[in-house]
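Read-outs: derived from the displayed coordinates by stated rules, not from any lab. What you see is a predicted model; the values in this text were computed from it and never measured. Don't worry about glycine lacking a Cβ; one is built from the backbone with ideal geometry, like all the others, and counts go over all protein chains shown.
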Amino acid sequence: MTANPHTTIPVVFLSGMLADYRMWQPVMARMDARARRGVAPAITPIIPALDTKDDVVAMARDVLEQVPDRFVLVGMSMGGYVAFEILRMARERVSHLMLLNTRATADDPVIRRRRLLLARLSGRNLPFRGINDAMLDDMLHPDHRHNRELVGLLSDMAEDLGEDVFKRQIIAVANRPDSMALLSELDIPCTVMVGEADRVISPASHHDMAARIPGARMIEVAGAGHYVPLEQPDICADALCALIT
């Protein structure tokens with residue numbers, strides 16, 4: 001997709017679990033600044049909500065109904081799972097692909113059962129908490145683990161979306177299909193990104209995923225964990241600019 005000074009490029013951002021448009025605001029701000037300086041194409045960000053369905057296929061259908069005929073697709077974590085469904089349904093509509101902190105494999109049976117049990121038990125005996133200390137230890141790079149603004153944002157998004165959304169999303173994640181066979185069929189420009197300290201989805205799995213996508217660019221981001229768009233938004237914006245320019 002070639003940049004045109006009189007048009008903008010539609011970019012569809014798909015968020016992870018218990019995250020919304022705020023996940024992408026730092027990246028969008030940096031993309032806008034680059035466009036105003038004339039050093040990057042202008043984008044039209046589209047951030048569909050992924051909070052009403054408990055199935056990634058249904059989420060993908062909802063997204064496709066909201067977006068233009070042709071678009072750049074950016075999927076983070078759960079948003080990556082939805083991105084794979086979009087590619088299965090309407091690959092011809094996707095011009096470029098960015099996958100962040102996500103995986104193409106399905107859950108193994110043990111993890112799947114654990115997620116579904118969490119959905120059933122959530123909020124039953126204790127008040128719902130979308131983010132806790134153990135999760136933050138796994139999700140954030142040590143340099144950001146005690147960043148009050150970042151931790152507060154993650155907590156705010158989780159609390160705002162709430163228990164019902166958590167249950168729907170974790171069921172969708174647990175039941176997602178395996179997408180490994182799809183990777184070798186992708187014939188669009190693609191960038192795969194992961195934080196070096198991501199303990200939720202390992203960097204090694206991202207390297208394997210990128211190796212299976214023809215021509216994909218692999219970026220392991222220093223100083224980031226599971227939230228590359230929030231922990232290192234400049235690097236994320238640079239990678240998106242390089243992908244679409």
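In the chain, the longest principal axis of the Cα atoms and the axis of helix 78-90 are about 50 degrees apart.
Mean sequence separation of contacting Cα pairs (under 8 Å, at least six apart), scaled by the length of region 9-244, corresponds to a relative contact order of 26 percent.
The packing ranking of peptides 234-240, 223-229, 202-208, 143-149, highest mean first, is 223-229, 234-240, 202-208, 143-149, where packing means the average number of other beta carbon atoms within 10 angstrom of each residue. Take 83-90, 33-40 and order them by the average number of nearby Cβ atoms within 10 Å per residue, most first; the result is 83-90, 33-40. Around the amide H of T44, modelled in the peptide plane, lie the amide H atoms of I9, V11, all under 5 Å away and 5 or more residues distant in sequence or on another chain. Rounded to the nearest 10 degrees, the angle from helix 25-36 to the longest Cα principal axis of the chain is 10 degrees. Against the chain, whose longest principal axis is taken from its Cα atoms, helix 109-121 shows a tilt of about 70°. Over the chain, the reciprocal of the mean inverse Cα-Cα separation, the Kirkwood hydrodynamic radius, stands at 18.1 Å.
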